[in-house]
Amino acid sequence: MERIVDDSESRRRAEEIYSRRNGINVTSNRKKYFSIYKFLFQLMVLINLAIVLIFYNNRNFIFSSDFLKQVNDFYNINIIEKINNFFEAENIEKQDSVNNDKNEVKDENNIQNQNSNNQTEEKNSEVQNTNIEQGNAKEKSEIEKINESYSFIKPINGTITSFFGDRESSNSNISGFHTGIDISALAGTKILSSICGNVILESNEGNYGKHLKIQNNEIITLYAHCKTIYVKQGDYVMQGQEIAEVGSTGNSTGPHLHFEIRHNDEYLNPCEILSF
């Protein structure tokens with residue numbers, strides 16, 4: 001069977017035939033070239049070693065300011081400045097890299113803290129809304145029970161000038177939270193007892209001015225800033241009985257009745273119990 005010869009084998013045979021005809025020894029030439037390459041390589045290695053040894057033995061002189069100055073003058077270039085700039089640039093790159101890493105970590109921490117704060121605010125808002133809803137439901141339930149157990153009437157007819165709850169006032173003596181309602185009326189207007197009960201307090205002192213409290217079990221009604229009080233502490237009054245006159249005593253800006261309803265020492269909104 002005839003063996004198939006590829007192109008490279010054909011070229012090699014052709015070169016051998018040509019070399020034999022012309023008296024050329026290919027193998028010898030190859031060894032010759034290899035020896036030359038090997039010699040050159042060894043020479044380069046020796047030269048590099050010699051340069052390294054020269055630099056090492058003369059390192060103090062080479063890196064001295066006098067030698068660098070001579071190089072500067074000869075090549076008209078500031079070697080020291082170039083070296084310093086090289087190391088400064090390298091230090092700046094390293095510092096920028098460190099700063100960028102720190103900024104990335106800081107930004108990531110800020111994002112995490114912001115997300116944590118947002119989650120905390122959402123939870124607090126949910127808890128607050130839940131508490132408000134529970135408080136409103138409890139207050140509504142208590143008011144329904146109070147209306148089922150007690151009967152109230154309006155102490156006077158008039159216009160409400162200040163409602164129950166938070167309010168703003170330019171008078172520093174007036175609290176930001178209004179514990180009752182203010183009903184405007186002419187001075188001397190008769191005040192009726194909103195509920196029957198015992199007079200547990202009749203006083204002329206404090207910001208309420210002339211005022212009195214009437215108690216019926218767990219309910220206390222208060223009438224303040226009166227001009228005149230008709231009853232005294234210890235008296236029992238009936239619902240609708242005249243107990244005082246509208247005035248402007250105590251911390252007051254004009255004739256009106258400050259009216260409060262309390263249940264177990266908690267302030268209630270009179271407007272949710274009575275219709276004014």
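The values are calculated or read from the model by the stated rules, or taken from the named source; none is laboratory data. Computed from a predicted structure; not experimentally measured. Using ideal geometry, Cβ is built from the backbone for each residue, glycine included, and neighbour counts are taken over all protein chains shown.
What the table below lists for this structure:
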| read-out | value |
| --- | --- |
| Any strands (runs of 3 or more DSSP E) falling wholly within the range 163-270 and containing at least 1 residues that are of a type outside the set (A, V, I, L, M, F, W, C), within 49 Å of the chain's Cα centre (by Cα) and over 27 Å from SER141 (Cβ atoms) | 181-184, 210-216, 219-229, 256-263 |
| Among the residues listed as GLY247, GLY176, GLY206, GLY234, the single one being modelled with pLDDT of 95 or more and exposed (fewer than 13 other Cβ atoms within 10 Å of the Cβ) | GLY234 |
| Candidate set: the range 29-82, residues that are on the phi < 0 side of the Ramachandran plot and not in a helix (DSSP H, G or I); chosen: the one modelled with the highest pLDDT | ASN58 |
